[in-house]
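What follows is calculated from the coordinates using simple rules that are stated; it is not laboratory data. From a predicted model like this one, the values you see are computed outputs, not experimental measurements. Counting neighbours? That spans all protein chains shown, and the Cβs are built from the backbone with ideal geometry, glycine included.
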């Protein structure tokens, strides 16, 4: 608990959070987060807008149901009975307009690449990409020397998390999703310079 | 009403990104109102050039490639298709025990593939419970696979002249236990879906393919057998130990989506029966012919062999010129023929039936495009 007057209203909280105060009341933005103020008859959680946004974004990642090849089977398994990605707030959506994550599962051909690009462009910001499996990551352990497979999906869309494997187990995909959530929690979209 | 209502045909593009196309298939559907006039599949979105790549791989590497590049839901059957060609051309013997192990694994793979089909078909038609139940049982098969081959989806378990490793202790008991468990579960699926009025309304009488059309399009597997065609490679050209086990080939004559569903349900039952018989008959002994090179040079010549994959008649035409690698490989993919039978099945049905019909033929796009 911090000494000093308890902030009472919404606008004041934001002003404390955004503007550094003088003297002993100075608290960096990082320290202000997760400080609980007890009020008579309630409590007030003081945090930054950014933290709240990141928390919300990371806790309800909605991926696009988009299967390319074999890895899509393990992705389906990850959504299904034993592994159950739903418990991390990951619920597949059938349209890119409602999705904020695209899991590129499997090898992508040169014919398919413009379609993947367009799907990614149709997704609203902020959007994230998981490259699942070796084929999506780099053309794969098996398709490295042929004429039709794209050598890595990152030549078309920016990738946030790479999940290795041929195909990765569902646990590996879950690990990838958790890593992405970590990444989102650390994001500084509002305060970074030149944003 | 002096003026006549002006109507025109509408072209609707389904895919290549569509949750129900089971991969990256684009369907160009010409519609007159709600009725389908014509359907043209646009394929090639997953062309992996497997046939070309096999020309630069030795035969053992071809097995690993066949796992991934072809029908990825039936990896072990692809391995078998390649191995049958290699072993036939090279005259390489396979020990008895390995033959039984191969048969058991192929039938487990068939059940896994059909389970995935049933689950996704359920989702297509709005029955999410079916998906969750099927994936639950499929996970048990994956455990059985994993404890022997180390892989869940791609195994690279079969070798030229046998299999890679023997079964671990206790595996046969677990497998037998699974089969009995699964036969019970199959009854549960029937109770959930077969008598369900919604399921019947969406599938019965929809997407009829007559016997003549099935033959003309070269359809095979459950699609042909649902149209009254008695054709199963396991019976007509027995390989491994299929001539020593007792099983039936389910055939229905209606040719609609419901018949295709019933054929696959019955096939899962028969597969479980085959596995149980193989477990009883399996002898002890070698699992791999000794002194077979990992990189054999096959004698010059060509061979065409076929296996019954969960989707139909999977053929491999292999031409060897005496090198360590094949000179040419041609894959006859069952999904390819079945996909083009779709153009006939869909004519005249409503746009809402597109998904029901497409799901019922169980295509895998990696199999279509190779």
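Sort all Cα-Cα distances of the stretch A:124-181 into consecutive 5 angstrom bins from zero, then give the percent of pairs in each bin up to the one containing the longest distance.
5, 21, 26, 22, 16, 8, 3, 0
Counting only C-alpha contacts under 8 Å and six or more residues apart, can you give the relative contact order of the stretch B:30-125 as a whole percent?
With pairs under 8 Å counted, the relative contact order is 19 percent.
What Kirkwood Rh does the stretch A:79-140 have if only Cα atoms enter the pairwise 1/r average? Answer in Å.
The answer is 12.8 Å.
Using alpha carbons only, how many angstrom separate the centre of the stretch B:12-66 from the centre of the stretch A:46-73?
29 Å
Nearest 10 degrees is fine. How inclined is helix B:128-149 to the longest principal axis of chain B, computing both from alpha carbons?
Helix B:128-149 sits roughly 10 degrees off the main axis of chain B.
Roughly speaking, what is the centre-to-centre gap between the stretch B:226-240 and the stretch B:115-142 when only Cα atoms are used, to the nearest Å?
The distance from the Cα centre of the stretch B:226-240 to that of the stretch B:115-142 comes to 26 Å.
Could you bin all the Cα-Cα distances of the protein assembly as shown into 20 Å bins starting at 0 and give me the percent of pairs in each, rounded to whole numbers?
Result returned by the calculation: 20, 48, 22, 9, 1.
Antiparallel versus total DSSP beta bridges in the stretch B:184-328: what percent is that, nearest 5?
Antiparallel bridges: around 100 percent, rounded to the nearest 5.
Once you order the gyration tensor axes a ≥ b ≥ c over the Cα atoms, which shape class does the stretch B:280-370 get: rounded for a/c under 1.5, otherwise prolate or oblate by comparing a/b with b/c?
Numbers: a/c = 4.07, a/b = 1.93, b/c = 2.11.
Since a/c reaches 1.5 but b/c is at least a/b, the shape of the stretch B:280-370 is classed as oblate.
Evaluate the stretch B:27-175: find the radius of gyration of its Cα atoms, find its Kirkwood radius, and give the ratio Rg to Rh. Please report the intermediate quantities before stating the final value.
Numbers: Rg = 18.8 Å, Rh = 17.6 Å.
With Rg and the Kirkwood Rh in hand, the quotient comes to 1.07.
Which value in Å does the Kirkwood hydrodynamic radius of the stretch A:54-195 take, with 1/r averaged over all unlike C-alpha pairs and then inverted?
In the stretch A:54-195 this quantity evaluates to 15.2 Å.
Just to be sure I understand the model, the point goes 7 Å from the Cα along the line to the Cβ. What's the resulting residue A:94 to residue A:55 distance in nm?
Rounded to a tenth, the inter-label distance reads 3.4 nm.
Give the separation of the Cα centroids, the stretch B:84-111 to the stretch B:283-310, in Å.
Computed from Cα coordinates, the inter-centre distance equals 8 Å.
Can you tell me what share of the DSSP beta bridges in the protein assembly as shown is antiparallel? A percent to the nearest 5 is fine.
So the antiparallel bridges in the protein assembly as shown amount to around 75 percent.
Report the relative contact order of the stretch A:137-195, percent, no decimals, based on alpha-carbon pairs under 8 angstrom and at least 6 residues apart. Mind showing how you got there, number by number?
On the way: 31 pairs, mean separation 14.4, N = 59.
RCO, the stretch A:137-195: 24 percent.
List the relative contact order of chain B as a percent without decimals, with contacts defined as Cα pairs under 8 Å and 6+ residues apart.
Dividing the mean separation by the residue count of chain B yields 27 percent.
Return one number: the angle in degrees, 0 to 90 and rounded to the nearest 10, between the long axis of the Cα atoms of helix B:75-90 and the longest principal axis of the Cα atoms of chain B.
Relative to chain B, helix B:75-90 is tipped by roughly 50 degrees.
What is the list of residues in the stretch B:336-356 whose amide nitrogen lies under 17 Å from a point 7 angstrom out from the Cα of residue B:32, following Cα to Cβ?
Within reach of a label on residue B:32: B:344-352.
If one takes the longest principal axis of the Cα atoms in chain B, at what angle in degrees, from 0 to 90 and to the nearest 10, does the Cα axis of helix B:59-69 lie?
Between helix and principal axis, roughly 20 degrees.
What is the diffusion coefficient of the stretch B:152-218 in µm²/s, taking the Kirkwood radius over Cα pairs and the Stokes-Einstein relation at 37 °C with a viscosity of 0.692 mPa s?
Details: Rh = 16.8 Å.
Approximately 195 µm²/s, per Stokes-Einstein.
Calculate the spin-label point distance for residue A:110 paired with residue B:293, positioning each point 7 Å from the Cα along the beta-carbon direction, and give it in nanometres.
Once both label points are built, they end up 3.5 nm from each other.
Output needed: percent of Cα pairs per 10 Å distance bin for chain B, bins running from 0 to the one holding the longest distance.
5, 24, 32, 24, 10, 3, 1, 0, 0
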